[in-house]
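Engineer: I am attaching a structure below and will ask some questions about it afterwards.
The values are calculated or read from the model by the stated rules, or taken from the named source; none is laboratory data. None of these values were measured; they are calculated from a predicted model. Positions of Cβ are generated from backbone atoms using ideal geometry, with glycine treated the same way; all protein chains shown enter the neighbour counts.
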Amino acid sequence: MNPLRGRLAVALIGLAVAAIGCTVLVRSELASLRAAFETDARIVHRLLSQRSAQQDAVMSMLSLLQSGSGTDAAGRRVASVYPQILDLLQRHGDASWTEPALAAAEDESRRERRAALAGVDFARGRYWLVQAATPASHAAQIDLRGMVPWEEWPMPPETSPVRVILEYAGQQFLLQAGNTGSHSGFDFRKRLATESQPFDVVAARGIRWSDLPWLKMLGWILLTAAALAGLLALERQRAERRRAEELLRLGQVARLNALGELAAGMAHELNQPLTAVLANTQAAGRMLNDEPAELDSAREAMQRAAEQARRASGVVDRLRRVVERPDVSAQLQPVKLEVAINNALYLLEPQLQQLGIKPSLGQTAVSVLAEPVALEQIIHNLLTNALQALAQVPAADRHLDIGVRIVDDKGRLTVGDSGPGIAADVLPRLFEPFFTTREGGLGLGLSLCESLAAGMGGSLTAANRPPRGAVFTLQLPLAAT
Ligand code: ADP
C-alpha cells in the first residue's frame, strides 16, 4: 500500500477509535448523571410527600384534641412543634372564618373526610389546610419553604445543578434554582402522595459542557494516540526490514547476474590465448615432423604456446567463481508494470527523499510478460542510474519522469531524468559490459539490463532528451489478457 495512504488510513482509524471511545465515555457519564438525578428527585418526592402526610395527620390530631378537651391552647402547642405552620385558626359553631376562602375548603373537607386546600398562594409560598370537625373546625397556614426537610435534602440546595419546583394549578414555587443553562437534560414530574395537597414535584437538570468527562476523554485520546504511534513505529520497523530484505534479494540477483556477465567477458578473453596455444602447438608439431626437424623453431613455438597457456590460466583464475546467468525466459509470467515500478520506487524511497525528488508517474495499467525479479532488477537499475545522474544537478532541476504506455503492441516503460544526459561518444558504448564513466562503477548494470530485457523477448534503448537529460526505454511483450 502507498505509505501516505497507509498513514491516512491509520489516522482515520485512530480518529474513529478516539471518537467511539469518547462517545462511550460521554454516554456512560450521562447515564450515571441521569441515575443520580432520578435518585435525588425520587428522594425529594418522598420527603415532601412524607411532610404533606404529616401535615394531614396534624390536622386530624387537632380536630381530635379539640373535640376532646375543648382547649385551644393544646392545639397551639401541637402546632408550635411544626415550624411550617405559620398560623392556626378555629371556627366554632356558627361563627364564620376570618378568611373567606376557608369556608369552601371546610365544606370540601367535610365532604371528602380529609383536610382540604384553600388560599394557595405560591407567590408568597403559603397555603391553608382546613379540617372540618365538630365542635370546631381548624385551619392551618403552611409555609412551603418551612415544609421542606432541608436537613435530609439529598443535594446541596445552593450549588446543585438540579432545579426543583412545586407546581399547583399553574402556580410555581421554586425550591431550588439549579442550572437552566441548557435545554436538553433530564426531567422528573410526580404528584405528592397526599390527596389533600395535590402538588406536582417537578425536577429538571440541564447538561452543561462542564458536565462532560473531559479529563477521561483526553486520557482516552492520548492513550489511542500513543497506541497508534506505537503501531506506526512497529509498522515502520517492519517496512524497513522488508526493504532491507528486498534490497538484499535484489543485490544477490544482481551479483549472480553480474557474474554471468563476467563469465561472458572472460570467455571472450580466453578465446584469444587458447587459439594462440592451438596455433603454436600445431606449428611446433609440423616443425618436428619436418626432415630434418626444425628443433629451435619448434622450441620457440612451444615456448609461445606455454606463455599463452599461462595467460589463459590467469583468465581462468579470474573465472573460478563464475556462475551461469539464470535463464529468465523460462519463468515469464504476466506482471503489472506499475506494480514493478512501485516496488522499485519503494526500495529507493530513502534515496528519493534524500535527493528531494518526487517522481512523476504517468501511469496506464499495462501488463507485460516478464520474469518479475528480472523486471524489478531492470527498473531498479534504471532508476538508480537516473538518481546518480540527478545527483549531479542542483536540487531544483531534478525531475524524474516514469511513463507506462502501450506502443506497437508492446508494453513500454520510459525512465526519463533531467540529469546531465549522455555524451555523444558514450551513447554507442552504453550497453557494453564493463563500460562505465563513474569512478568505482562496474559498468555491468546496463549490459545486464539489456541482456535481461532481451532474455524476456524485449529490448532496452537509451537516448538523450531535450532540453537536458537521458531517457531509457524498456519494451516488453504484452501479457495476453
Ligand atoms: P555503472 O552504473 O556501474 O557505471 P551502468 O552500466 O549502469 O554501469 O552504466 C554505464 C554508464 O552509462 C554510466 O557510467 C553512465 O556514464 C551512463 N549512464 C547510465 N545511465 C545514465 C543516465 N541516466 N544519465 C547519464 N548517463 C547514464
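Engineer: Looking at Leu361, Leu347, Leu352 in this structure, which one is surrounded by 14 or more Cβ atoms within 10 Å (Cβ to Cβ), modelled with pLDDT under 85 and under 30 Å from the mean Cα position of the chain (by Cα)?
Structural biologist: On inspection, the qualifying residue turns out to be Leu347.
Engineer: Scan region 228-257 residue by residue and report those that are free of Cβ contacts under 8 Å to residues at least 24 places away in the same chain and under 24 Å from the mean Cα position of the chain (by Cα).
Structural biologist: Result: Ala229, Gly230, Ala233, Leu234, Arg236, Gln237, Arg238, Glu240, Arg241, Arg242.
Engineer: Here's something else I'd like to know. When only residues in region 8-32 that are hydrophobic (A, V, I, L, M, F, W, C) and more than 13 Å from the chain's Cα centre (by Cα) count, which is farthest from Leu218 (Cα to Cα)?
Structural biologist: Restricting to residues being hydrophobic (A, V, I, L, M, F, W, C) and more than 13 Å from the chain's Cα centre (by Cα), the top hit is Ala31.
Engineer: Suppose we filter Ser137, Ser109 for residues that are without any contact (Cβ under 8 Å) to a residue 40 or more places away in the chain, buried (at least 21 other Cβ atoms within 10 Å of the Cβ), of a type outside the set (A, V, I, L, M, F, W, C) and closer than 25 Å to Arg91 by Cα; which single one remains?
Structural biologist: Ser109
Engineer: Same structure again: Show the residue pairs meeting these rules: Cβ distance below 8 Å; 6+ apart or different chains; first residue within region 144-160 and part of a loop (DSSP other than H, G, I, E, B); second residue of a type in the set (Phe, Trp, Tyr).
Structural biologist: That search, which allows pairs on different chains as well, returns Leu144/Phe122; Leu144/Tyr127; Leu144/Phe173; Pro157/Trp150.
Engineer: Name the single residue, out of those in region 404-428 being without any contact (Cβ under 8 Å) to a residue 40 or more places away in the chain, outside any helix (DSSP H, G or I) and within 10 Å of the ligand (Cβ to nearest atom), that is surrounded by the fewest Cβ atoms within 10 Å (Cβ to Cβ).
Structural biologist: Ala423
Engineer: Something else about it: Does any residue in region 342-361 that is closer than 14 Å to Asp417 by Cβ and free of Cβ contacts under 8 Å to residues at least 12 places away in the same chain come within less than 8 Å, Cβ to Cβ, of a residue that is of a type outside the set (Ser, Thr, Tyr) and part of a loop (DSSP other than H, G, I, E, B) six or more places away or on a different chain, and which pairs are these?
Structural biologist: Matching pairs, first to second residue: none at all.
Engineer: Assess whether Ile379 counts as being in contact with a Lys or Arg (Cβ under 8 Å, 6 or more places away or on another chain), away from the ligand (no atom under 12 Å from the Cβ) and at negative phi.
Structural biologist: It is false that Ile379 is in contact with a Lys or Arg (Cβ under 8 Å, 6 or more places away or on another chain), away from the ligand (no atom under 12 Å from the Cβ) and at negative phi.
Engineer: Among the numbered conditions (1) exposed (fewer than 12 other Cβ atoms within 10 Å of the Cβ); (2) under 30 Å from Phe435 (Cα atoms), tell me where Asn289 comes up short.
Structural biologist: Answer for Asn289: the failing condition is (2).
Engineer: Taking into account only those residues within region 112-134 that are part of a loop (DSSP other than H, G, I, E, B) and over 60 Å from the mean Cα position of the chain (by Cα), which is surrounded by the most Cβ atoms within 10 Å (Cβ to Cβ)?
Structural biologist: Ala115
Engineer: From the list Leu337, Leu332, exactly one residue is at pLDDT 80 or above, out of contact with any Asp or Glu (no Cβ under 8 Å at 6 or more places or on another chain) and closer than 30 Å to Lys410 by Cα. Which is it?
Structural biologist: Going through Leu337, Leu332 in turn, the sole match is Leu337.
Engineer: Please go through region 429-479 and pick out each residue that is touching a residue at least 24 places away in the same chain (Cβ under 8 Å), polar (S, T, N, Q) and either part of a loop (DSSP other than H, G, I, E, B) or more than 9 Å from the ligand (Cβ to nearest atom) (or both).
Structural biologist: Ser451, Thr473, Gln475, listed by residue number.
Engineer: Tally up the residues in region 364-375 that are among the hydroxyl-bearing types (Ser, Thr, Tyr) and either exposed (fewer than 14 other Cβ atoms within 10 Å of the Cβ) or assigned to a loop (DSSP other than H, G, I, E, B) (or both), please.
Structural biologist: 1
Engineer: Quick check on region 185-231: of everything there that is touching a Gly at 6+ places or on another chain (Cβ under 8 Å) and among the β-branched types (Val, Ile, Thr), which residue is surrounded by the fewest Cβ atoms within 10 Å (Cβ to Cβ)?
Structural biologist: If we take residues in region 185-231 being touching a Gly at 6+ places or on another chain (Cβ under 8 Å) and among the β-branched types (Val, Ile, Thr), then Ile221 is surrounded by the fewest Cβ atoms within 10 Å (Cβ to Cβ).
Engineer: Another question about this same structure. Does Ile378 fit the bill of being within 26 Å of Ser329 (Cα to Cα) and either free of Cβ contacts under 8 Å to residues at least 12 places away in the same chain or surrounded by 17 or more Cβ atoms within 10 Å (Cβ to Cβ) (or both)?
Structural biologist: yes
Engineer: Hey, among the residues in region 169-197 that are in contact with a Leu (Cβ under 8 Å, 6 or more places away or on another chain) and assigned to a strand (DSSP E or B), which one's nearest to Leu47 (Cα to Cα)?
Structural biologist: Restricting to residues being in contact with a Leu (Cβ under 8 Å, 6 or more places away or on another chain) and assigned to a strand (DSSP E or B), the top hit is Leu175.
Engineer: For region 126-174, which positions are aromatic (Phe, Trp, Tyr) and over 17 Å from Leu102 (Cα atoms)?
Structural biologist: Trp150, Trp153, Tyr168, Phe173 - these are the residues of region 126-174 that are aromatic (Phe, Trp, Tyr) and over 17 Å from Leu102 (Cα atoms).
Engineer: May I pose another question? From Leu270, Leu215, Leu248, Leu222, grab the single residue that is assigned to a helix (DSSP H, G or I), within 30 Å of Arg311 (Cβ to Cβ) and at pLDDT 75 or above.
Structural biologist: Leu270
Engineer: Could you identify the single residue in Gln388, Gln392 that is modelled with pLDDT of 90 or more, surrounded by fewer than 20 Cβ atoms within 10 Å (Cβ to Cβ) and not in a helix (DSSP H, G or I)?
Structural biologist: Gln392
Engineer: I'm told Val373 meets every condition in (1) within 13 Å of the ligand (Cβ to nearest atom); (2) out of contact with any strand residue (DSSP E or B) (no Cβ under 6 Å at 6 or more places or on another chain); (3) in contact (Cβ under 8 Å) with a residue 40 or more places away in the chain except one. Can you identify the failing condition by its number?
Structural biologist: Failing condition for Val373: (1).
Engineer: Evaluate the following for Ala103: is it over 30 Å from Asp211 (Cβ atoms) and touching a Leu at 6+ places or on another chain (Cβ under 6 Å)?
Structural biologist: The answer is no for Ala103.
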